[in-house]
Every structure is written in structure tokens, then in C-alpha cells.
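Peer 1: If you scroll down you'll find the structure; I have some questions about it.
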Amino acid sequence: MNGEEITLPAGAVYETTTVDGTEYTRGFGLEYIEATTGLTVAEIESILDNPDRVVTKDGEVQYIIGDSVTDGEETILEIIGGTIATASSGETVEDTCGQKVYIPEQSENDHPYKQGIDKNDIRDALKNPFNGKVWTDGTLRYYISQASNGVWHIVRTSPDYPFAPWGVRTSLLKDGEKSFDSGQDAEEELEERGHTEYDC
């Protein structure tokens, strides 16, 4: 890629665990990527040959982003020392302010997919937050929404995502584990924390 050699090791799958009925696999390299994403060597080579964008730091490639095997999503290849370690996929959408925000796939720690919240719920929160408001603590941004299963939650985004201008970090719940009583209840929580409405 642009004269820089990127290698893809055979890799390995360390373990597969099940949390709340969902399987999660740990590992690295091609074996791990095939087990978790369905990407083939040919598709990985295509991303390397024609990336949408490349993120570098200190002169070294860190992430190579290209089209995903799933329509509307992106594939992110994580590079460590010139070697492809992992691959993941996600989606970039515009929030209600017109800011592009990356939504990751579900991971083992469930961020941001808690209490049955799914990607459509996250997308809806970003595009149509409660009362049309986006909140901020001066750095992070917050979007209140009611998920399709009735759970009121707050989506928190961060500007320091490794390969995107903004990215979804987590969904906040009342006392860390349950639905807020209402959108107003969630607003009061943010106000108590000293957060203010963000001016798009």
C-alpha cells in the first residue's frame, strides 16, 4: 500500500465466550478476522489496494478504512507494526447537527448496546434526539432518546475516536443499569452533571 508493506499473519482464535446469548471471539490475524467478520483475503487485499482513508500516527499506519461486505458500513483494519491485527465494521452517519459520527458494531463489553438497545436505536438518537437537543460537557456530546424497546437512554459520543472525527462511546442508563423514567428525567440527569445544550 503506497510502498508500505502491510502483512497479514495466519493468526489464531484464542477463545469464544457467550455473554447474554451473544458469542464473542478473541484473537488476531486472518483466522480471527475470518471468524468474526466474514472477510476474505481477496476483500482485505481490495481494501489495502483501494482504501477510502488511511489514519497514520508518528509516521506509521494505524488504521485502513474501506468498504464493508455489508452495505452502508465500513471495514476498519487495525495495523500494529505493519501487521494487520484485527478488523471490525461499523457505520458512519450524520447527527442532527450534521456532524459525522461513527457507530461501532457490538463488542463484548456491550458498549453502546445495553438493555436491548440496537444500532437502529443509536442511529435514531443521533439523528432525532429528545426535544431536538444535543447536550455537551464542553468536550463530549450527549443525545437522549427512547429505544424501540421503550428504554430511555443517553448516547455519548467522543471527538477522539482513533479513525473518525466523532464516534459513539456508550449508552448511559439511569444508575448505570436501567431505563430513565422519561426524556425529561434524562435531561435532569445531564443538568445535574452540569451539562448544557450544545449549539449546532
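Peer 1: Can you show me the helix-derived [θ] at 222 nm for the chain, built from DSSP H runs with n ≥ 4 at -39,500 (n - 2.57) apiece and divided by the number of residues, rounded to the nearest 500. Each step should come with its number before you reach the end.
Peer 2: Details: 4 runs with 37 residues, N = 200.
One gets -5500 deg cm²/dmol as the mean residue ellipticity at 222 nm.
Peer 1: Still on this model: List the relative contact order of the chain as a percent without decimals, with contacts defined as Cα pairs under 8 Å and 6+ residues apart. Kindly include the intermediate steps, with their values, before the conclusion.
Peer 2: Working: 376 pairs, mean separation 26.1, N = 200.
Contact order relative to length: 13 percent.
Peer 1: Among Lys119, Lys178, Lys100, which one shows the biggest mean-square fluctuation in a GNM of the chain, springs joining Cα atoms closer than 10 Å?
Peer 2: Answer for the Gaussian network model of the chain: Lys178.
Peer 1: Would you mind checking the radius of gyration and Dmax of the chain based on alpha-carbon positions, in Å?
Peer 2: Using the Cα atoms of the chain, the pair Rg, Dmax is 18.4, 56 Å.
Peer 1: Test of understanding: in a Gaussian network model of the chain with alpha carbons linked when under 10 Å, which of Val93, Val155, Val41 would top the mean-square fluctuation ranking?
Peer 2: Sorting by GNM fluctuation, first place goes to Val41.
Peer 1: Here is the link list: Lys127/Lys178; Lys133/Lys174; Lys57/Lys133; Lys57/Lys127; Lys57/Lys178. Which ones come out longer than 29 Å on Cα distance?
Peer 2: On the way: Lys127/Lys178 23 Å; Lys133/Lys174 19 Å; Lys57/Lys133 34 Å; Lys57/Lys127 31 Å; Lys57/Lys178 39 Å.
Where the Cα-Cα span goes over 29 Å, the pairs concerned are Lys57/Lys133; Lys57/Lys127; Lys57/Lys178.
Peer 1: Just to be sure I understand: with springs between alpha-carbon atoms less than 10 Å apart, which residue in Ser89, Ser179, Ser148 has the highest mean-square fluctuation in the Gaussian network model of the chain?
Peer 2: Ser148
Read-outs: derived from the displayed coordinates by stated rules, not from any lab. Everything quoted here is computed from the prediction, not taken from an experiment.
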